């Protein structure tokens, strides 16, 4: 994998039958390999021209299907190499035969992410944009797709570039000041370097601050419903899903295992998890159900603690409310059964009726605000944990540089920190990437992209 001297081939459309299938070939021999698989109906194809209609040929040069072939020169292709795409009917048998025929003609089967990797190495995109392409492919909602597309267009890279350029400028100035210490014009202006470092730190902080929201946008969230038996968790679970997914009865303890379903909340994919009621267990099955509920609670991004407003709270519920107050950012307490006479009055809780839907709209708003914040949703720039870690490392290194400047340490010490921060920022876009990092990232791509 990743031998740029080879010509690679892969099926670029998803597995299974479909109206159209695509075989993609990229590399120095892409055109010659493609022409062994294609017989034009009229004038032969040319790079950069319109799709050429004709017949596709198998390894024995017998007609197999008809469709279009498109040739791209290096300047116009995604990979920055000569590329051919064969658009067939979406038959798995046809695509597999054409793949085998291309390999027989000298191409090599592409590995995961091979085409995007070549686009990176040939300077068509940077590493942050490469990762955004995978996020776009993996997007489950329109909002996720829009955020990923903006990053694939280079939004994050454009925010990182001025920071690295500013550090480069002051690294160059600092090196000149060290090298030509006797030349007055090379001396750094008093206080200017400290101001620049503080400015870059602030901008790193601004980017990292959006990561909590960005992570939820990219990866989705786990929302767990917990509470005593028969408080209406399963009915509220169904109400949020707007379908009868969980079994609901008057018998306490009906739910004995975790039940998971997908919910889209304001463009964010949410894994909604109903759990067994928290209670004293009587047998091994109940014990396992409660144990799974507790595990789900610990892994949750957000916990929906459901209370029954028609009865007094018990000791376990009061203790759990105390925990919810200490983890307020992760818990929302709702008082269910608001359609019945109320015996629970608590500040900071939301009244709902899972039975008739009262308060559920307000609950959805509260869930959205807890996951994304109450401000109007802006598209986050940092959604990838690797990018956030690089920015945090750069920020920590710049803080060391700021301390060194404040303490009057030698400019050589400051320069080393600035260079390290510059390298850490550059790992976001892959400018200082290493092969094992590339291998780790592109191994998560699908084959054909």
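What the table below lists for this structure:
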| quantity | calculated |
| --- | --- |
| From the options 394, 324, residue that is touching a strand residue (DSSP E or B) at 6+ places or on another chain (Cβ under 7 Å) and not in a loop (DSSP other than H, G, I, E, B) | 324 |
| Sole residue being in the same structural domain as residue 242 (by TED's automatic domain parsing), in a helix (DSSP H, G or I), under 33 Å from the mean Cα position of the chain (by Cα) and at pLDDT 85 or above, chosen from 362, 317 | 362 |
| Any hit, the range 84-96, residues being out of contact with any strand residue (DSSP E or B) (no Cβ under 6 Å at 6 or more places or on another chain), under 16 Å from residue 12 (Cα atoms), assigned by TED's automatic domain parsing to the domain that holds residue 25 and buried (at least 19 other Cβ atoms within 10 Å of the Cβ) | no |
| Any hit, the range 87-103, residues being within 23 Å of residue 444 (Cα to Cα) and in a strand (DSSP E or B) | no |
| Residue in the range 382-391 that is farthest from the chain's Cα centre (by Cα), counting only those that are in contact (Cβ under 8 Å) with a residue 40 or more places away in the chain and assigned to a helix (DSSP H, G or I) | 391 |
| Residue satisfying condition, being surrounded by fewer than 22 Cβ atoms within 10 Å (Cβ to Cβ) and within 17 Å of residue 88 (Cα to Cα), within set 39, 28 | 39 |
| Residue, farthest from residue 201 (Cα to Cα), within the range 392-410, restricted to residues that are surrounded by 17 or more Cβ atoms within 10 Å (Cβ to Cβ) and touching a residue at least 60 places away in the same chain (Cβ under 8 Å) | 405 |
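The values are calculated or read from the model by the stated rules, or taken from the named source; none is laboratory data. As the structure is a computational prediction, the values presented were derived from the model and not from experiment. Here Cβ is always computed from backbone atoms with ideal geometry, including for glycine, and neighbour counts include all displayed protein chains.
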